[in-house]
Amino acid sequence: MTGLAEISAPKAAGCADAPVLRERGQREVFCGLTGIIWLHRKIQDAFFLVVGSRTCAHLIQSAAGVMIFAEPRFATAIIDERDLAGLSDANDELDRVVTRLIQRRPEINLLFLVGSCPSEVIKLDLSRAAQRLSRQLSPAVRVLNYSGSGIETTFTQGEDACLASLVPDLPALSAQDAPNLLVVGALADVVEDQMLRLFTAMGLHNVSFLPARKAGAMPAIGPNTHMLLAQPFLAETARLLEQRGVTRLPAPFPLGIEGTTAWLQAAATAFGVSQPTFLAAIAAPSKRGSEAVARVRDMMAGKSVFMFPDSQLEIPLARFLARELDMTLVEIGTPYLHRQHLADELDLLPAGTMLSEGQDVERQLDRCRAARPDLVVCGLGLANPLEAEGIATKWSIELLFTPIQGYDQAADLAELFARPLVRRAKLRV
Amino acid sequence: MQLTLWTYEGPPHVGAMRVATGMKGLHYVLHAPQGDTYADLLFTMIERRSERPPVTYTTFQARDLGSDTADLFQTAVRDSYERFKPEALLVGASCTAELIQDDPGGLARALNLPVPVVAVELPAYQKKENWGAAETFYRLVRAFAQPVERTKSARPRCNILGPTALGFRHRDDLREISGLLGQMGIDINVTAPLTAAPSDLARLADADFNVVLYPEIAGITATYLTKTFGQPATKIVPIGVGATRDFIAEVAALAGVDAAGVLADSHSHMPWYARSVDSNYLTGKRVYVFGDATHVIAAARIAQTELGFTVVGMGTYSREFAREVREAAKLYDVEALITDDYLDVEEQVASLNPELVLGSQMERHIAKRLGVPCAMISAPMHVQDFPARYAPQMGFEGANVIFDSWVHPLMMGLEEHLLGMFREDTEFSHAPSHLGAAPQAAPSSTESPVPAALHEADVAVLDAPGAPGWTADAEKELGKIPFFVRGKARRNTERFARDRGVALITVDTIYDAKSHFSR
């Protein structure tokens with residue numbers, strides 16, 4: 001399944017022009033605040049301060065059981081009735097909270113003020129607050145803002161909003177600077193390191209990642225910068241980078257062997273890497289990755305899968321499950337379908353795949369129950385109830401917390417889907 | 001604005017969800033933005049419920065604001081009724097919907113659905129989860145409880161009030177107390193919210209009295225029922241052997257039954273275990289207690305009077321019950337800490353240096369970091385605090401469970417001596433096998449598990465000019481002290497030396513300090 005030939009499959013076979021079922025109703029999805037859970041681990045000297053309600057604080061600590069961290073680099077400034085009634089000036093209160101926070105955590109270099117549903121509804125201007133606080137705390141701490149509110153962002157769109165807030169401040173390169181490659185989207189450090197080795201083997205040395213691991217090390221960009229999106233949910237970040245002259249390299253996403261190869265190929269082509277060099281660079285990892293995936297394929301081939309909308313990773317994941325594990329796609333739901341960024345992915349999806357965008361969870365559950373798929377990919381609120389109905393499930397949030405990109409994670413990714421089925425086969429209780 | 005790292009309680013609408021999810025035949029339509037559906041996973045993941053909570057969310061987005069959020073809400077109510085056909089609907093708003101002021105109650109009633117609609121207003125910017133649960137339960141009881149013609153029965157009859165979904169051991173407490181009441185010859189009329197339908201609430205008045213298991217949730221409802229139907233309510237929460245006996249006496253008086261038989265035949269192992277010689281080593285163990293008011297008050301009594309511990313500090317995040325906890329704290333000569341800021345609790349635990357912490361999931365974190373054993377007594381909790389086995393906190397079996405779960409994290413009986421005897425053996429390395437790893441050393445990574453404030457304090461002590469040094473002999477002597485008290489011995493000795501301006505700690509200093517700090 002590693003052949004490059006498949007990547008150039010005829011467009012007519014894909015889902016580029018396939019109809020999409022658009023639904024509106026109850027959406028069983030997280031809001032953008034949830035992204036803080038992995039973003040705060042990624043940028044090691046950044047702190048995320050949600051300006052919101054007790055619900056926001058409760059969401060973040062409940063969403064992923066993140067209380068494993070004693071004192072994480074995120075917190076909530078909980079708005080109370082005094083702020084709402086105008087008894088206290090919300091901006092003064094925010095300054096007080098931030099001052100206390102920075103005193104406690106002097107190692108913080110970058111502070112994100114993260115807007116929430118209530119802060120948006122009461123129109124608290126966090127961008128002005130960020131500018132004001134940045135001036136006060138400069139140069140020790142830079143303060144940025146973005147919205148992770150549920151009224152504006154769905155789950156992974158929070159990462160998009162966060163990365164987008166970094167773009168205006170990225171150092172500028174000029175037209176005279178050498179071409180460089182920018183990989184956009186938070187990846188596990190281990191994945192970044194693997195990719196860096198692959199790019200190095202291809203002869204690409206000028207490669208950087210957004211976000212960087214340290215606030216002070218964010219990459220420089222300019223008209224000779226080419227970007228590869230590592231995640232399919234970065235619409236706004238990509239738009240702002242393009243505005244600053246960065247060229248997007250269209251590609252599938254680096255999930256599975258095929259996706260990873262095509263993704264790397266896009267960079268190789270753009271930077272004029274010779275095909276022998278490229279093939280030599282990927283030979284060993286793609287071979288061992290394919291072999292590992294093949295071991296999982298035997299048990300997954302022919303099994304049907306139904307995906308509820310969650311992270312916008314659904315389309316690339318469905319492509320991987322269909323083409324590398326030979327699974328049958330029943331319905332692939334996604335919260336938002338970005339046709340441009342997903343064009344290469346849609347081309348690769350089996351023709352006739354049922355796609356849905358948005359959600360009416362009750363109706364989608366009706367369809368799911370009627371279809372009786374072998375595996376359902378869904379959020380934590382639905383997983384146990386579906387299991388209790390006898391339907392195997394894979395929690396989708398794990399796809400965000402686990403390193404799944406690249407050759408050496410392709411089998412891990414396959415395993416994530418296989419494990420619920422393996423487990424069901426084992427159990428005799 | 002309040003800077004919050006972790007929150008003990010969720011927002012009040014989560015309390016309403018706990019009531020609705022515990023009940024049957026009730027559907028809750030919550031006006032809430034996209035994302036608030038996270039609350040479902042509290043029930044499906046943490047409590048491992050096999051069904052989704054009976055809650056429909058409007059999940060409005062920015063594009064809906066200002067145009068048709070009211071319409072969206074009405075559609076959600078109508079669709080929920082059609083799909084779930086509940087006996088009654090509960091409607092309300094989460095924090096964001098409260099700001100857009102759509103009036104869920106009015107909108108739902110305007111639909112003229114053929115079932116009752118109960119609206120709850122839960123001020124999300126003032127109140128929290130337990131208050132929300134209490135208010136919701138009260139509103140439901142007010143809406144449904146009717147005067148009834150009392151059923152004739154030879155046996156006295158009561159209602160059990162308070163247990164909800166996602167409660168700390170509510171399921172098992174309910175079974176234990178139901179059994180106890182049965183043994184006393186008392187019938188149970190209605191149990192609510194857990195297991196009750198709105199139609200069950202309608203017949204609450206057909207009971208002689210109410211048993212209130214969790215005052216945080218059922219207190220105001222019980223008061224209402226006393227005023228409205230003249231039903232007295234229990235005041236004692238049966239957690240611990242003593243409290244269970246008091247509860248039995250209280251119930252017997254309310255029901256007019258003889259409690260002697262139940263008291264004589266309690267099948268409780270706990271009093272004997274507490275008196276057995278091995279438990280001598282529990283004497284005077286310094287414990288810190290924090291959690292919701294009901295469980296803290298009960299735990300402090302058990303700790304002090306039934307296990308022979310010494311309560312060195314206690315507190316609660318239940319501000320509504322601050323007075324009761326303050327009163328209870330006086331019994332142990334400590335001042336109650338009333339706070340919902342987990343950093344305050346952490347600071348107090350660190351400064352009191354207890355040997356056991358009894359608390360919630362938050363205190364478990366604090367204790368783990370400080371290397372102190374911990375047992376769970378209260379929400380908030382983790383998935384592991386919904387055990388598969390029967391593990392009540394209430395009644396005589398609850399007391400047995402409490403004995404085990406509090407004592408097992410500690411060094412038991414003769415082990416303290418055996419450790420001393422065998423510690424020079426090459427085969428002996430760490431803690432006895434039934435205990436986990438030794439206290440964690442402070443890691444040096446940037447993600448310090450120790451809050452910066454504490455960290456700085458430690459560093460300041462170690463680096464302070466004139467900080468006492470240790471002679472080689474003194475270090476060696478310190479090494480002979482069992483590992484689980486060594487850290488404390490080092491800190492106490494250094495504090496003692498610093499207070500007296502001793503620059504170099506000798507073997508004598510160690511024993512002077514030991515004598516000074518011995519309690």
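Read the figures in this text as sums done on the coordinates, not as results from a lab. What you are looking at is a predicted structure, and each value in this text was computed from that prediction instead of being measured. Note that each Cβ is placed from the backbone with ideal geometry, even for glycine, and that neighbours are counted across all protein chains shown.
Magnitude of the Cβ-charge dipole of the protein assembly as shown, K/R +1 and D/E -1, about the Cα centre, nearest 20 debye?
600 debye
Which ³J(HN,Hα) values, rounded to whole Hz and listed in residue order, are derived for segment A:226-237 from phi using the Karplus coefficients 6.51, -1.76 and 1.60 in 6.51 cos²θ - 1.76 cosθ + 1.60 with θ = phi - 60°, glycine and proline given as x?
In residue order, the calculated couplings are 10, 10, 10, 7, 8, 10, x, 10, 10, 4, 6, 4 Hz.
For segment B:270-407, build the convex hull from the C-alpha positions and give me its volume per residue in Å³.
Enclosed volume per residue, from the Cα hull, is 105 Å³.
With the contact rule set at Cα under 8 Å and sequence spacing of 6 or more, what percent relative contact order holds for chain B?
Once normalised by length, the contact order is 12 percent.
Along the charge dipole of chain B, Cβ charges K/R +1 and D/E -1, which of B:Leu5, B:Cys95, B:His365 sits furthest on the positive end?
B:Cys95
Can you tell me the 0 to 90 degree angle between the C-alpha axis of helix B:129-144 and the longest principal axis of chain B, rounded to 10?
Orientation of helix B:129-144: about 30 degrees from the principal axis.
In Å, what Kirkwood hydrodynamic radius results for segment B:69-165 from the alpha-carbon pair distances?
Computed over segment B:69-165, the radius equals 15.6 Å.
If you place +1 on the Cβ of every Lys and Arg and -1 on the Cβ of every Asp and Glu, how big does the dipole about the Cα centre of chain A come out, in debye to the nearest 20?
560 debye
Please report, in debye to the nearest 20, how large the charge dipole of segment B:157-264 is about its Cα centre when each Lys and Arg carries +1 at its beta carbon and each Asp and Glu carries -1 there.
140 debye
Distance between the C-alpha centers of segment B:222-238 and segment A:141-184? Whole Å please.
58 Å
Please pull out the direction-averaged projected area of segment B:464-517, using the convex hull of its alpha-carbon atoms, in nm² to one decimal place.
Value for segment B:464-517: 3.4 nm².
Hey, what did segment A:303-382 get for relative contact order, percent, Cα under 8 Å, at least 6 apart?
43 percent
Would you mind ranking A:His226, B:His295, B:His382, A:His40 by Cβ crowding within 10 Å, fewest neighbours first?
Listing A:His226, B:His295, B:His382, A:His40 from fewest to most nearby Cβ atoms yields B:His382, A:His226, A:His40, B:His295.
Using the 10 angstrom Cβ neighbour count as an exposure proxy, how do B:Glu494, A:Glu389 rank, fewest first?
By the 10 Å Cβ count, ascending: A:Glu389, B:Glu494.
Are any of the pairs A:Lys287/A:Lys426; A:Lys214/B:Lys128; A:Lys426/B:Lys24; B:Lys128/B:Lys235; B:Lys128/B:Lys488; B:Lys24/B:Lys128 more than 27 Å apart by Cα-Cα distance, and if so, which?
Result: A:Lys287/A:Lys426; A:Lys214/B:Lys128; A:Lys426/B:Lys24; B:Lys128/B:Lys488 exceed 27 Å.
Dividing the Cα radius of gyration by the Kirkwood radius, what Rg/Rh value follows for segment B:12-144?
On the Cα set of segment B:12-144, Rg over Rh gives 0.93.
Using Cα-Cα distances under 8 Å and only pairs 6 or more residues apart, what relative contact order does segment A:340-400 have, in percent?
25 percent
What are the principal axis extents of the Cα atoms in the protein assembly as shown, in Å, biggest first?
Sorted from largest, the Cα extents of the protein assembly as shown read 90, 83, 61 Å.
Return the calculated 222 nm mean residue ellipticity for the protein assembly as shown, to the nearest 500 deg cm²/dmol, obtained by summing -39500 (n - 2.57) across DSSP H runs with n ≥ 4 and dividing by the residue count.
About -13000 deg cm²/dmol.
How big is the shadow of the Cα convex hull of segment A:254-373, averaged over all directions, in nm²?
8.2 nm²
How big is the equivalent ellipsoid of segment A:85-139 along its three axes, where each semi-axis is √(5λ) from the Cα gyration tensor, reported in whole Å from largest to smallest?
In descending order the semi-axes read 21, 12, 10 Å.
Evaluate 2.2 N^0.38 Å with N set to the residue count of segment B:157-264, then give the Cα radius of gyration divided by it.
Rg over 2.2 N^0.38 Å, computed on Cα atoms: 0.99.
Can you list the equivalent-ellipsoid semi-axes of chain A, largest first and in whole Å, using the square root of 5 times each Cα gyration tensor eigenvalue?
Sorted largest first and rounded, they come to 36, 29, 18 Å.
For segment A:16-107, what is the convex hull volume of its Cα atoms per residue in Å³?
172 Å³
Using the number of other C-beta atoms within 10 angstrom as an exposure proxy, rank A:Tyr146, B:Tyr138 with the fewest first.
Sorted ascending by nearby Cβ count, the order is B:Tyr138, A:Tyr146.
Projecting each Cα onto the charge dipole of chain A (Lys/Arg +1, Asp/Glu -1 at the beta carbon, about the Cα centre), which of A:Ser286, A:Pro171, A:Pro211 comes out farthest on the positive side?
Working it through, the farthest residue towards the positive pole turns out to be A:Ser286.
Which whole-number value in Å³ per residue fits the convex hull of the alpha carbons of chain B?
Enclosed volume per residue, from the Cα hull, is 173 Å³.
Express in whole angstrom the spacing between the alpha-carbon centres of segment B:102-127 and segment B:255-323.
Comparing the Cα centres of segment B:102-127 and segment B:255-323, I get a distance of 42 Å.
Considering amide H positions built from the backbone, and no H for Pro or chain starts, which residues 5 or more places from A:Gly25, or on another chain, come under 5 Å of its amide H?
Close amide H contacts, sequence-distant or interchain: A:Gln359.
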